[in-house]
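S.K.: Have a look at this one.
Bear in mind that the values in this text are calculations on the coordinates, not laboratory data. Here the structure is a predicted model, which is why all the values come from computation and not from measurement. Here Cβ is always computed from backbone atoms with ideal geometry, including for glycine, and neighbour counts include all displayed protein chains.
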Amino acid sequence: RRLKVKAFVDKSRYNTLAALNLPAEQMSLLTTNKSETFVSIIPLAHINFKQLPSYLNSKADKVFTRPYDYIIGLRPTGWSFSENNKSLVSKRNSGNVTIYSVPYSEHSNF
């Protein structure tokens, strides 16, 4: 919403979200058309340095239809906080992929 762009989701995820009867305003921010946006929601299991590089310069059968030079992954986790670092968000780089681990817990107010 803050980026003022739609987010791509696959048809299965879109149908699941539609079944939740989310407000039309929220559903309008989602698309199943890859070419409408540069923001994609992919499976959490793919947000790692093994999987994300496969999305760079990928073919149309992959999530991204346009070639990209850089990917930023946002990984929600309850394990990103470090007593040594005192930072809520951690950042890791590998080549042209950056993954930010951001705090999230189903049991807290993060």
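S.K.: Taking a quarter of the surface of the Cα convex hull of the stretch 1-54, what do you get in nm²?
M.R.: The orientation-averaged projected area of the Cα hull of the stretch 1-54 comes to 4.4 nm².
S.K.: Using 0.36 nm times the number of residues separating Y70 and L22, minus their current alpha carbon distance, what extension gain do you get?
M.R.: Computed gain between Y70 and L22 is 14.1 nm.
S.K.: Here's something else I'd like to know. Determine the sum of side-chain charges near V102: Lys and Arg each +1, Asp and Glu each -1, restricted to other residues whose C-beta is under 11 angstrom from that of V102. Intermediate values should be presented prior to the final figure.
M.R.: Working: positive: R75, K91; negative: none.
In short, +2.
S.K.: While we're here: Give me the net charge of R75's neighbourhood, meaning all other residues with Cβ under 11 Å from the Cβ of R75; Lys, Arg count +1, Asp, Glu -1.
M.R.: +2
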